[in-house]
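Working notes, structure below.
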Amino acid sequence: MEGPLESQYQIALGRLLNMSYALRSRLSSTLLSPIGRHSAPSSLRLQRYVSNKAKSSALNVENQPKTGQQPPYGPIGVNAALNCKPNDPTPSPTIFSHEFSLADRVALVSGGNRGLGLEMALALIEAGARVVYCVDLPKDPSAEWQAAHDYAKKLGSSGKTGGEGRLEYITGDVTDQALMWKIGKQIGDKEGRMDACVAAAGILRSNIDCLEYPAEEFRKVIDVNVNGVLFTAQAAGRQMERFGNGGSIVLIASMSGSITNKDQAWVSYNTSKSAVIQMARSMACELAPRKIRVNSLSPGYIYTSLTAAYLDSQPHLLEKWSSQNPMGRLGRPDELRGVVTWLTSDASTFCTGSDVLVSGGHHSW
Ligand SMILES: NC(=O)c1ccc[n+]([C@@H]2O[C@H](COP(=O)([O-])OP(=O)(O)OC[C@H]3O[C@@H](n4cnc5c(N)ncnc54)[C@H](O)[C@@H]3O)[C@@H](O)[C@H]2O)c1
């Protein structure tokens, strides 16, 4: 008699569930309701109750060890509001002065001689970093870098950034692991800390049919775009671990790590960028217990020397690439200033192992 037994069982189970639900709602109406069993509380009593309740719920959040430490500079956001007494002086916003601030932070940026690396290095300076070290191939920095250096110095001496405005240049090849570790250590020895890293050095080669792709060329792209990114992240990460303050590492990948650029034969580049996205996830999982966050940042088409090699010699590509995102245009390097500051600062303390796409919506189509 399987059928009736089964339905009797279902009925009994249903009754049990109903009873447990009724019990729970009765309990919650007496124990948990803001008014409880008091009828028609005075508006003052209700106000006081709501305010205490809000404070105790904020305290509960603070007391939960799983939410991580509260910022060292005191409560922010709603917690700041709850802690604000009626007679306290007018509060100051903390979002830019604290969460997004890189005051006293030390950063290493590879590929920082020009393009996206340099733009992001200057953004970190403007966010108050004490110093940003740019590592790149040329023996002497470019005129563009020099101009950014002088500008940073002026900003620093004006006192408007809260930082020193120091942009430093180091010649180095990211594919040389021993050299990159040495550079990281020298920075650590000198500055006594390492807080942020942007691994932006990368190369893009000409279109080559994937079935004909020469081994040497493929190895070269992987060496710079994958090995070089790892060695840069290691150089900074080893110092972050050494000083124990944690840190944030941003690996510059590309939208090409998760889509294939239409009509471009870029198998080496696309493969390398996919590897960078996975490298960020993998490192993030290993390094989270050491308070080091790792994310990848994936730009869409942005006009720099890297893309100019294509765009300037094939002018029709400007319209074609622009039409491939809903915004109908290429990006500017300065449109990454906000996201890199967010990722390297305390404004993103719960963000790790993510790939942040900034592509004008290229993926949305
Ligand atoms: N421009 C774009 O549209 C775009 C889009 C997505 C991702 N990206 C990525 O952003 C990063 C920066 O690109 P960009 O557009 O500024 O290009 P860029 O060519 O202007 O800058 C790259 C920098 O990396 C340096 N570099 C190359 N090989 C190096 C090595 N072995 N050691 C040290 N430095 C080295 C170069 O000298 C150069 O200064 C790259 O990783 C690139 O793949 C660019």
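Return the total of residues in region 89-102 being loosely packed, with under 15 Cβ neighbours inside 10 Å and either within 19 Å of the chain's Cα centre (by Cα) or among the hydrophobic types (A, V, I, L, M, F, W, C) (or both).
Adding up the residues that qualify gives 3.
Limited to region 243-260, what total is found for residues that are at pLDDT 95 or above and either away from the ligand (no atom under 16 Å from the Cβ) or of a type in the set (G, A, S) (or both)? Lay out the reasoning, then the answer.
From region 243-260, those at pLDDT 95 or above are 243-244, 246-260; that's our starting set.
Now drop any that are not either away from the ligand (no atom under 16 Å from the Cβ) or of a type in the set (G, A, S) (or both), which leaves 243-244, 246-248, 253-254, 256-258.
Within region 243-260, residues that are at pLDDT 95 or above and either away from the ligand (no atom under 16 Å from the Cβ) or of a type in the set (G, A, S) (or both) number 10.
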(request) Go through (1) surrounded by 18 or more Cβ atoms within 10 Å (Cβ to Cβ); (2) free of Cβ contacts under 8 Å to residues at least 60 places away in the same chain; (3) within 14 Å of the ligand (Cβ to nearest atom) one by one and return the number of the condition M240 breaks. (result) (3)
(message) Regarding region 326-336, can at least one residue be identified that is part of a helix (DSSP H, G or I) and either under 14 Å from the mean Cα position of the chain (by Cα) or polar (S, T, N, Q) (or both)?
(response) yes
(message) Looking at the structure I just gave you, is T67 among the β-branched types (V, I, T), farther than 21 Å from V340 by Cα and modelled with pLDDT under 95?
(response) yes
(message) Can you find, within region 263-306, the residue that is farthest from H362 (Cα to Cα) among those that are free of Cβ contacts under 8 Å to residues at least 40 places away in the same chain and assigned to a helix (DSSP H, G or I)?
(response) P289
(message) So, in region 183-213, how many residues would count as being free of Cβ contacts under 8 Å to residues at least 24 places away in the same chain and of a type in the set (D, E, K, R)?
(response) 3
(request) Please work out which residue is farthest from D334 (Cα to Cα), limiting yourself to region 105-121 and to residues that are touching a Leu at 6+ places or on another chain (Cβ under 9 Å) and of a type in the set (D, E, K, R). (result) R105
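Based on this model, can you work out whether S97 counts as more than 16 Å from the ligand (Cβ to nearest atom), at pLDDT below 95 and not in a loop (DSSP other than H, G, I, E, B)? I'd like the intermediate steps shown before the answer.
Numbers: more than 16 Å from the ligand (Cβ to nearest atom): yes; at pLDDT below 95: yes; not in a loop (DSSP other than H, G, I, E, B): yes.
The answer is yes for S97.
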(request) Filter region 292-313 down to residues that are near the ligand (Cβ under 6 Å from one of its atoms) and more than 12 Å from L357 (Cβ to Cβ) and give me whichever is surrounded by the fewest Cβ atoms within 10 Å (Cβ to Cβ). (result) S305
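Restricting the search to region 154-205, which residues are of a type in the set (K, R), over 30 Å from N261 (Cα atoms) and within 16 Å of the ligand (Cβ to nearest atom)?
If we filter region 154-205 for residues that are of a type in the set (K, R), which is where we start, we get 154, 160, 166, 182, 185, 190, 193, 205.
Still in the list and also over 30 Å from N261 (Cα atoms): 154, 160, 166, 182, 185, 190, 193.
Hit for region 154-205 is K182, nothing else.
Within region 204-218, does at least one residue satisfy the condition of being surrounded by 15 or more Cβ atoms within 10 Å (Cβ to Cβ) and closer than 28 Å to A129 by Cα? Working first, answer last.
First, the residues of region 204-218 that are surrounded by 15 or more Cβ atoms within 10 Å (Cβ to Cβ): 204-205, 208, 213, 218.
From what's left, closer than 28 Å to A129 by Cα: none.
No, every residue in region 204-218 fails to be surrounded by 15 or more Cβ atoms within 10 Å (Cβ to Cβ) and closer than 28 Å to A129 by Cα.
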(message) I want to confirm something. Restricting to region 112-153 and keeping residues that are surrounded by fewer than 16 Cβ atoms within 10 Å (Cβ to Cβ) and more than 22 Å from M180 (Cβ to Cβ), which single residue is farthest from the ligand (Cβ to nearest atom)?
(response) K153
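The values are calculated or read from the model by the stated rules, or taken from the named source; none is laboratory data. Since this is a predicted model, take the numbers as computed values, not measurements. Reconstructed Cβ throughout: ideal geometry from the backbone, glycine too, with neighbour counts over all protein chains shown.
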